[in-house]
1. Conditions: (1) in a loop (DSSP other than H, G, I, E, B); (2) in contact with a Lys or Arg (Cβ under 8 Å, 6 or more places away or on another chain); (3) acidic (D, E). E87 meets all but one. Number of the miss?
2. Within region 126-159, restricting attention to residues that are touching a strand residue (DSSP E or B) at 6+ places or on another chain (Cβ under 8 Å) and at positive phi, which residue is surrounded by the fewest Cβ atoms within 10 Å (Cβ to Cβ)?
3. Identify, by number, the condition in (1) under 15 Å from G134 (Cα atoms); (2) of a type in the set (G, A, S); (3) under 13 Å from the mean Cα position of the chain (by Cα) that G241 doesn't meet.
4. Might you let me know whether region 185-208 holds any residue that is closer than 30 Å to G113 by Cα and touching a strand residue (DSSP E or B) at 6+ places or on another chain (Cβ under 7 Å)?
5. Return yes when K93 is surrounded by fewer than 22 Cβ atoms within 10 Å (Cβ to Cβ) and assigned to a strand (DSSP E or B) and no when it is not.
6. Looking only at region 97-123, filter to residues that are aliphatic (A, V, I, L, M) and closer than 16 Å to A233 by Cβ; which one of those is surrounded by the fewest Cβ atoms within 10 Å (Cβ to Cβ)?
7. Evaluate region 86-98: report whether one residue or more is over 28 Å from L194 (Cα atoms) and in contact (Cβ under 8 Å) with a residue 12 or more places away in the chain.
8. One residue is enough: does region 154-164 have a residue meeting the conditions farther than 30 Å from K48 by Cβ, modelled with pLDDT of 95 or more, over 19 Å from the mean Cα position of the chain (by Cα) and of a type in the set (D, E)?
Amino acid sequence: MRLAMLAGCLFALMVTTQAGWSQKPAPVELFNGQNLANWYPYLKGKGKGVDPRQVFSVKEGLLRISGEEWGALTTEKEYENYRLTMEYGWGGKVWPPREKSARDSGLVLHCTGKDGAHGDSWMLGLQVNMIEGGTGDLSILGKSPDHTFQSTCEERPASGKKGWYHKTGAPSRAFGPGDRLLWGDKDPAWTNTLGFMGAKDIEKPAGQFNTLVAECGKDTLTVTLNGKLMTRATGLKVARGKIQFQSEGAELLIRRMTLEPLK
């Protein structure tokens, strides 16, 4: 009888343990709405952890990146294989010398190297551009040959020149440092001017919130904005690293930031 009971308990424990292994990891709230726990600042000319003007702060439940100084807010930890969902909006404040330029920031993924490695402001990584009229473009920070990707795209006129626009089903092209993949319906007449909005832009104007999703697979990145596919990259050599937001002359407000681990 005792042996039977013991066997039953061991079986129940084994089933419970196996079920626990199969459960999907819980989402991670990267922003808790109260403070900058698990993040640290880096400012050009000042270094890590020094932010006397509170370029990065939390006010009334919002993470505020003032944009007043060039630099970054970076996670303490590294992440991989996840879906990052964030709700953000442009604030009204802009700073010289970019007070007449399109509001600009950036979400940098899979960050590697030293803080300030690029322009004494940012780490090396794959940048989901956040700029009026161009949010969802992909580019690379730094000149490391490790940060490269591929994407299906087609070449079309872009701001008086030519550019590569993401297009599902088109031939694939390799992108490296200095290249930029444009989101599919980006206005070909885009200019770097404050408040720019193209005919097919879906990013909301300053003062309203947007939902940006960056899904990072084992070697892929898919970016959607307000439910629309913007860009997709494949063949990433680096698919793990810290997460970073840029301060680059414009006020950015974030009210939610959730990281959901993928199986």
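The values are calculated or read from the model by the stated rules, or taken from the named source; none is laboratory data. What you see is a predicted model, and the numbers here were worked out from it, not measured in a lab. Cβ: placed from backbone, ideal geometry, glycine included. Neighbour counts: every protein chain shown.
1. E87 satisfies all of (1) in a loop (DSSP other than H, G, I, E, B); (2) in contact with a Lys or Arg (Cβ under 8 Å, 6 or more places away or on another chain); (3) acidic (D, E) except (1).
2. By that ranking, first place goes to G142.
3. (1)
4. No, that holds for no residue.
5. For K93, the condition - surrounded by fewer than 22 Cβ atoms within 10 Å (Cβ to Cβ) and assigned to a strand (DSSP E or B) - is met.
6. Result: L107.
7. No, region 86-98 has no match at all.
8. Yes, region 154-164 has at least one match.
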